[in-house]
Amino acid sequence: MSSRLFRRISGGLALVSLALCLAAPVAYFLRRISEGSYRKAFLLASIAWFVLATARALTPDDGPPPG
């Protein structure tokens with residue numbers, strides 16, 4: 001897999017996990033999910049965010065060759 005494709009996939013999944021980090025408290029506040037579900041969803045989404053965002057940041061960019 002090329003690093004450009006990996007950066008796109010990991011970046012997209014990082015944004016999805018960030019959206020879940022933001023949606024979990026809203027769902028709990030609106031009483032759509034229980035506290036246990038909120039905690040589990042926020043924990044898993046937070047871990048996914050940090051792993052995927054770090055993976056995207058550390059992947060080298062396949063830009064055009066210099067020169």
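Observations on the structure shown:
- Scanning the range 32-57 for residues that are modelled with pLDDT of 95 or more and of a type in the set (D, E, K, R) gives R32, E35, R39, K40.
- Look at the range 36-59: where a residue is over 16 Å from V16 (Cβ atoms) and a partner is at pLDDT 95 or above, sitting 6+ places away or on another chain with Cβ atoms under 6 Å, you get Y38/A24; Y38/Y28.
- Some residue of the range 1-11 being buried (at least 17 other Cβ atoms within 10 Å of the Cβ), in a helix (DSSP H, G or I) and hydrophobic (A, V, I, L, M, F, W, C): no
- Positions within the range 16-57 being surrounded by 15 or more Cβ atoms within 10 Å (Cβ to Cβ), of a type in the set (G, A, S) and out of contact with any Ser or Thr (no Cβ under 9 Å at 6 or more places or on another chain), in sequence order: A23, A41
The values are calculated or read from the model by the stated rules, or taken from the named source; none is laboratory data. These numbers come from a predicted model, not from an experiment. Ideal geometry is used to build each Cβ from the backbone, glycine not excepted, and the neighbour counts take in all protein chains shown.
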